[in-house]
1. Quick one: which of A:K98/A:K401; B:K49/B:K189; B:K18/B:K49 span more than 21 angstrom between C-alpha atoms?
2. Filter the GluC sites (Glu not before Pro) in the range A:68-138 to those in DSSP coil with at most 11 other Cβ atoms within 10 Å of their Cβ, and list the result.
3. Tell me the relative contact order for chain B as a rounded percent, counting alpha carbon contacts under 8 Å between residues six or more apart.
4. Take chain B, mark every one of the GluC sites (Glu not before Pro) that falls in a DSSP loop and has at most 10 other Cβ within 10 Å, then report the longest stretch left between them, sites excluded.
5. Please report the spacing between the Cα centers of the range A:291-339 and the range B:138-207 in Å, no decimals.
6. At a Cα cut-off below 22 Å, give the lysines reachable from A:K11, other chains included and same-chain residues fewer than 8 away excluded.
7. Given only helices, namely DSSP H runs of n ≥ 4 each adding -39500 (n - 2.57), what is the per-residue ellipticity at 222 nm of chain B, to the nearest 500 deg cm²/dmol?
8. Could you work out the mean count of beta carbons from other protein chains within 10 Å of each residue's beta carbon in A:263-272?
Amino acid sequence: MWQTILALIAKDILIFRRDRTALALTFLLPLALGSVFGTAMSGIMGGGSDSAPLRVGLAVEDRDRTGASRALVAALSAANGLDVDVVDDAERRVESGKRACAILIPEGYEAGLAAGRTPELVLLRDPAQAISQQVVLFQLAPVLLQQRIATEGPGLFDRALELLDFPAAGRPGASAVLRASFDDIQTLLLETPAASAAEAAPTASAFDPLADLPGFLGLDVRDAAGNREDGPPRSAGAAHAFSAMAVMMLLFTVVGAGGTLLQERNEGTLTRLQLTPAAGNAVLLGKLGSVGLIALLQLVVLFAFAGLVYGVPVLADPLPLAVVSCTWVLLAVDIGLFLAVVCRSQKQLEGLSTLIILVMSALGGAWFPREITPEWFRAVGSFLPVAWAMDAFHGIFWYGKGLLPTDTRDGIGREVLQMAGLAAVLLVLSVRIFARRYGERAR
Amino acid sequence: MEVPPETALAIRVVGLEKRYGERVALAGVDLRVQKGEALGLLGPNGAGKTTTLRVLSTLVGRDAGEVSVLGLDPERDGAQLRARLGVVPQEIALYGPLTARENLRFFGRAHGLAGARLTERVDWALEAASLVDRSGDAVQGFSGGMKRRLNLVASLLHGPEVVFLDEPTAGVDPQSRNHLFEMIEGLCKAGLTLIYTTHQMGEVERLCNRIAVMDQGRIAAVGTLAELAALPAVRGNAGARLELVGGRDPAEAANLLRGAGFDVELHTRPHDLESIFLVLTGRALRDESETDG
């Protein structure tokens, strides 16, 4: 019996060694995905003592244009994890998803400070980019805290103890300690470097940084994206999740369906089709049509479910959604057909497509928001069709974008053109490769 | 051998050459097939049978030579030729999840049939394949013989004038094979031109008027069975049978054996096609891929 068992083990390992697809899926895919995830998560989870903290873009609109407001802008610009843009349309940038947050410095800012009033700053935020907001808040904290200390003095600590749910009976004593140490605390604050989001993660206290910190810092927080006054309330999570499913699962569907081309070759039906009078491109285009219809149906079912169950506004503006859906289906089908005509066997197609789809989905933001990833990671992702499709679908579902930009909102026309352009290129390549590989056809 | 007049030819091939990279698949094939003729195309694996049929049926181009099928050039007049050509592939080239009728309707439509004509041809095909009762069943549940019969009629829906049959009876039971033979004989009687490739010599003997033997990318010999048997190389090789009794003339060997006291009876029988084939192509194994050759 042992001889049989050992022979079976040896045989299976031999077959496994000769199966390049199995080798790639077993060893390369985990390495590739581990690298992608590791790199992506290092932005928010820390990557060691020498790793750079996640940098987040912050739009700042200075309506006061005074020395004090300019000093604030300079202080924000000096913060370690912020990329500050001084703009005139902060709200639009947040509304379009270009920035997770924006600070609006209102007119009278300097005058208020001079009068000893708490500065009134507006924090415009995109609820869909919560992680970036967290980073922004922790970067803002030292800057704004210094301002409040300067204007309110030690009395600020009474409010801090209240926010931290310090036991009421002990507050007077604690406040006295804090007041006594005021100079030390101020020094400490000034000397403390900006903390990364991970380092400043909330503790088990009742203090909720996202909810409480803005008020403590004197920020008036307003949602500038997602929930429009003229539309129903939206869920950022559902908008992202269903955009991601529309992108990633569609790729798996079309690659599987495109693989039937290889199946037809193996079973001989492709040859039979090539022997019909209208053979040639008709075979490939027919396959494109059938796979495209299946893919489109998948999107219809997915979006109907998202709208009915999760309230994703799929019918708020049907035209852009229809255009993006059709364009993405065309591109996805072309990707599937391209892989099918390039690969020489179904096993090869399965291995290659799994690797490509998973990595491309991760880099393109279908698995996790790209906002949490390092800058270079986002830059790479922006060249991928998954990112274009994600931006387009998410732009419709969350930001309410149309095809063309308006006075208040960006459009998704660029993403649609990018997808259509790549679809055209892949279609031409697929037709040529198909003709060369499957026919060496007679004219 | 009698050379048919050019006007009576369904297929005319002169000096056909085809290379795949460095490998020569066809090294100057010359072949003429008359209209209404059933030609058996024989050859060991890698001889060039499949490549020849692929060139004739427009699937691949040629590197040199002249090819004409029904007066059309497969490279130049591909679509026109495919409309008049039927190819029965060696594989069961059918869609398993579809029923027999759905398969036939699909392939009929792919050949441009529609409406009443399509229905008429599908009904004819089901009748011819004796699959009327099973027309609504998925093909994946069919026996090998049923699939073969459907595979054959699926290539005849559009009424081709020339039909290439590539081992159409592979892996079927004797009854199904006989049914297929009868169907193919019906095609011959209907005046279709057939090229039939197989490794079963008996099938060619039964179905074909003439036989072409291919080897190493060339036609080694063409003729009727009697003509092939009368070829000097074949006839002279009859002595090879003496290898069984000493490598000399059987009668002489028999006499020698008798003289030595053996009781010997000498039986002679005419060449069968298989022995002719082996004489012409040799006995060495050919393990090249058929699709490559």
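Taken together, the values in this text are just the output of simple stated rules run on the coordinates, not laboratory data. All values derive from a computational prediction rather than experimental measurement. Backbone-built Cβ (ideal geometry, glycine too); neighbour counts: all protein chains shown.
1. On the way: A:K98/A:K401 12 Å; B:K49/B:K189 25 Å; B:K18/B:K49 12 Å.
From the list (A:K98/A:K401; B:K49/B:K189; B:K18/B:K49), the Cα-Cα distance tops 21 Å for B:K49/B:K189.
2. Details: sites: A:E91, A:E95, A:E107, A:E110, A:E120; in loops: A:E107, A:E120.
Passing both the DSSP loop test and the Cβ count: no residue.
3. Working: 506 pairs, mean separation 74.7, N = 293.
Worked out over chain B, it gives 25 percent.
4. Details: sites that count: B:E2, B:E22, B:E265.
Result, exposed sites excluded: B:23-264.
5. Spelled out, the Cα-based centre of one part sits 46 Å from the other.
6. A:K347
7. Values: 11 runs with 102 residues, N = 293.
Computed ellipticity for chain B at 222 nm equals -10000 deg cm²/dmol.
8. 5
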